[in-house]
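Since the structure comes first, as structure tokens, the remarks are kept for the end.
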């Protein structure tokens, strides 16, 4: 795949027509909605964590009550960054459209790239974990069959 970053010289520009601007404006609206929804979700995780700490309802068989909170906090931490990047794309693209500022548009697109790169890496990690767990289940199932016979 060609490296597009290096293929453009500093004086080359891409112009966007009104249809492209409309598409960007609509994309920005949806990204705003999704990022706010993500922040609400993160807020709910935080509230649930605080309630669990306050009422001591964290004993879920993990041994230590505080260990039950680790998955919640880990999920919140992992999802904070892509939601933040999406929000920054939305904010900067709105400013770029309002001010007709190509530098802000470049900044917005940089945040969108960061969002998708993060989600892509997260997808690779999750698929790898699923594959590892699948292999473990197959191996443990075969071992159970061997020991039962």
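Throughout, read-outs are computed from the coordinates displayed, never taken from laboratory work. Here the structure is a predicted model, which means the values were calculated and not measured. As a convention, Cβ positions derive from the backbone with ideal geometry for all residues, glycine included, and neighbour counts pool all protein chains shown.
The calculated FRET efficiency for the pair residue 98 and residue 75, based on their C-beta separation and a Förster distance of 35 Å, comes to about 0.50. Each peptide among 127-139, 101-113, 35-47 gets the average number of other Cβ atoms lying within 10 Å of its residues, and from highest to lowest they stand as 101-113, 35-47, 127-139. Taking a ≥ b ≥ c as the square roots of the eigenvalues of the alpha-carbon gyration tensor, segment 19-148 is classed oblate because a/c is 1.5 or more while a/b is no larger than b/c. Can you grab the distance from the C-alpha centre of segment 78-93 to the C-alpha centre of segment 17-42, Å, no decimals? After rounding, the separation between the Cα centres reads 10 Å.
For segment 74-113, backbone nitrogen atoms closer than 18 Å to the point 7 Å from residue 132 Cα along Cα-to-C-beta are found at 74-75, 78. In segment 19-148, Cα pairs under 8 Å separated by at least six residues give a relative contact order of 24 percent.
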